[in-house]
Amino acid sequence: MSRVHILGICGTFMGGIAAIAREAGHAVSGSDRAVYPPMSTQLAALGIELMEGYAASNLQPAPDEVVVGNALSRGNPEVEALLDSGLGYRSGPQWLAESVLQGRRVLAVAGTHGKTTTTSLLSFLLDRAGRAPGFLIGGVAQDFPVSARLGSGTDFVIEADEYDTAFFDKRSKFVHYRPRIAILNNLEYDHADIFPDLAAIQRQFHHLVRTVPAGGRLIVNGDEAALAEVLRMGCWTPVERFGMDGADLDWKLELLDADASRFRVLHQGRVRGELSWSLLGRHNALNALAAVAAAYAAGVSVEESLALLPGFRGVKRRLEALPAAQGIAVYDDFAHHPTAIATTLAGLRAKLGAGRVLAALEPRSNSMRMGAHAAQLAPALAAADLSFVLARPEIPWDAASVLAPLGSRVHIVPSVDALLAALEAEARPGDAVVFMSNGGFEAASSRYAARLRERA
């Protein structure tokens, strides 16, 4: 049994790699700067040895192979020891491509928003249709006990991230996967730390398009002009377009309820069925439509997919309702880009009707912290009745100026404690409070919900 050692093992993607390697029969160990639940608990339960902190000693005795996460860089003591040792090493995407994906039918889900939910939806549909797919999901899908598995079928569903691969490979991760079926969900400017502009991201998406064979399928959001530009760079694969508003859509969505909890699916202009489910928001309905189209390309009928979807339980931290009290609803959400913030708030607004929506936001992504989306932040929050924005001292942009268009409807706070205190002073029965961050947010959502329950 060979030993695989993983640097940066507690990240969602690398933790998935670890779980798959262990399932494949390897002894697995790994190191990370911070080892903490829930990933540490999941990995320990699989019999994976976890080492907190990076050190040359973690490479002794020498593993058979080393997999390096993209959070690692030169100067890291374990990276430097690895390079000096002469041991072989690969990136996570390269290891997955060479060790797992060869010989499988890969279904990849790419896009600025909705990757995790759409990957979970597609994995769910194939699984419940009896295909036993492998998958790697960048989040916690509530319909599976794990976020990654080998699977016993021919299909492998992967969340195809456009972020860079490793310190020694600056291509997007998804270039490694060579999918037969690929969903291109949407495309906007993000990841300002590695991409100078939207055109640079479009070039990476076109690299992905180049890898999809002529016998495969591209499922593309037909409402997205930026994706149309990618296809104009060259396309050698049959394209099926999905959406709500665009012309010449192969797959079309018609909302039956304003909160998108009920909608109709059309394929080639013909109504194929209606769906009622628990998820909210136009964006989630479009995620479902893309998953149905990809599942259809993989041989699952539209009717079967629509019959299965009401059983989908969603993904943690995607407008996840937390147990609360005092007549105040509390949600935890991963939204961290202005478009995602706006769509999350729109879905919640449509559900509540007259109720107030209170938004609590941590600008945490690299793009947010750099101020790349500053101009879009106030419009994104406009649907909230009140917004509470955590402006940590290290943020280089002036939150007061950026958010000034919201006037008295925004509270800028310096800490999570101050944010929670402000919420407690403002929230009242009938309100819905949604916490939005792509990080831990110092457990603000669960802390707030617990306080409501304690005081009930």
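Laboratory data are not the source of any read-out in this text; all were calculated from the coordinates shown. Computed from a prediction, not measured in an experiment: that's the story for all the values here. For neighbour counting, all protein chains shown are included, and Cβ atoms are generated from backbone atoms with ideal geometry for every residue, glycine included.
Could you list Asp164, Asp245, Asp332 in order of exposure, starting from the residue whose Cβ has the fewest other Cβ atoms within 10 Å? Write out the running numbers ahead of the final one.
On the way: Asp164 19, Asp245 9, Asp332 24.
Exposure proxy ranking, most exposed first: Asp245, Asp164, Asp332.
Residue by residue through the range 224-231, what is 3J(HN,Hα) from phi via Karplus (6.51 cos²θ - 1.76 cosθ + 1.60, θ = phi - 60°)? Round to whole Hz and write x for glycine and proline.
My calculation for the range 224-231 gives 9, 5, 5, 6, 4, 5, 4, 5 Hz in order.
Treating only the Cβ atoms of Lys and Arg (+1) and Asp and Glu (-1) as charged, compute the dipole magnitude of the chain about its Cα centre; round to the nearest 20 debye.
Values: 43 positive and 48 negative charges, 160 e Å.
Value, rounded to 20: 760 debye.
Determine the dipole magnitude for the range 320-454: charges of +1 sit on the beta-carbon of Lys and Arg, -1 on that of Asp and Glu, nothing else is charged, the reference point is the Cα centre, and the result goes in debye to the nearest 20. Working shown, then result.
Numbers: 11 positive and 13 negative charges, 47 e Å.
Computed about the Cα centre, the dipole is about 220 debye.
Of the labelled options [x] 26.1, 86; [y] 22.0, 64; [z] 22.7, 74, which one gives Rg and Dmax of the Cα atoms in Å as computed for this structure?
[y]
With a cut-off of 8 Å between alpha carbons and a minimum separation of six or more residues, what is the relative contact order of the range 320-454 in percent?
Numbers: 239 pairs, mean separation 52.0, N = 135.
Reported as a whole number, the value is 38 percent.
Under a no-solvent Debye model with one identical scatterer per Cα of the range 97-143, what's log10 I(q)/I(0) at q = 0.30 Å⁻¹?
Debye output, listed in q order: -1.20.
What FRET efficiency comes out for Glu52 versus Ser446 if R0 is 22 angstrom and r is the Cβ-Cβ distance? Round to the nearest 0.05. Write out the running numbers ahead of the final one.
Values: r = 24 Å, r/R0 = 1.08.
It comes out at approximately 0.40.
When each pair of different Cα atoms in the range 320-454 is counted once in the 1/r mean, what is the Kirkwood radius in angstroms, to one decimal?
Numbers: mean 1/r = 0.0685 Å⁻¹.
Kirkwood hydrodynamic radius for the range 320-454: 14.6 Å.
What dipole magnitude, in Debye to the nearest 20, does the range 103-311 give about its Cα centre under +1 on Lys/Arg Cβ and -1 on Asp/Glu Cβ? Kindly include the intermediate steps, with their values, before the conclusion.
Working: 22 positive and 25 negative charges, 159 e Å.
Charge dipole, the range 103-311, about its Cα centre: 760 debye, nearest 20.
Just want the ordering: Asp333, Asp385, from fewest to most Cβ atoms lying within 10 Å of their own Cβ. Write out the running numbers ahead of the final one.
Working: Asp333 24, Asp385 16.
In increasing order of surrounding Cβ atoms, one gets Asp385, Asp333.
With θ set to phi - 60°, apply the Karplus curve 6.51 cos²θ - 1.76 cosθ + 1.60 along the range 85-96 and write out the HN-Hα couplings as whole Hz, x wherever there is a Gly or Pro.
Calculated HN-Hα couplings, in order: 6, x, 5, x, 8, 9, 6, x, x, 5, 4, 4 Hz.
What shape does the range 183-252 have by the C-alpha gyration tensor, where a ≥ b ≥ c are the square roots of the eigenvalues, rounded means a/c under 1.5, and otherwise prolate means a/b greater than b/c and oblate the rest? Numbers along the way, then the final one.
Details: a/c = 2.43, a/b = 1.33, b/c = 1.82.
In terms of gyration-tensor shape, oblate.
What's the extension gain from Phe144 to Ala34 if we count 0.36 nm per residue and subtract their Cα-Cα distance? Before the final figure, lay out the partial values.
Numbers: separation 110, 0.36 × 110 = 39.60 nm, distance 2.53 nm.
Extra length available between Phe144 and Ala34 comes to 37.1 nm.
Once phi is turned into ³J(HN,Hα) by the Karplus curve 6.51 cos²θ - 1.76 cosθ + 1.60 with θ = phi - 60°, what whole-Hz value does each residue of the range 275-280 show in order, with x for glycine and proline?
9, 10, 8, 8, 6, 10
Check the chain and count each lysine pair with an alpha-carbon distance under 24 angstrom, considering only pairs eight or more places apart or from different chains.
Values: Lys115/Lys170; Lys115/Lys173; Lys115/Lys252; Lys115/Lys316; Lys115/Lys351; Lys173/Lys316; Lys252/Lys351; Lys316/Lys351.
Lysine pairs meeting the criterion: 8.
Label 7 Å along Cα→Cβ of Ser301; the range 252-280 residues with amide nitrogen under 20 Å?
Counting only backbone N, you get 252, 264-276.
Order by neighbour count: Ser301, Ser91, Ser261, fewest other Cβ atoms within 10 Å first, most last. Show your work: numbers first, answer last.
On the way: Ser301 13, Ser91 24, Ser261 20.
Ranking Ser301, Ser91, Ser261 by Cβ neighbours within 10 Å, fewest first, gives Ser301, Ser261, Ser91.
Loop-only check: which trypsin sites (Lys or Arg not before Pro) in the range 65-150 are DSSP coil with at most 12 other Cβ within 10 angstrom?
Details: sites: Arg74, Arg90, Arg104, Arg105, Lys115, Arg128, Arg131, Arg149; in loops: Arg74, Arg104, Arg131.
Those that pass, being in a loop and sparsely packed, are Arg74.
What percentages, rounded to whole numbers, describe P(r) for the range 3-91 computed over all alpha carbon pairs with 5 Å bin width beginning at zero?
Going from the shortest bin to the longest, the percentages are 3, 16, 31, 27, 17, 6, 1.
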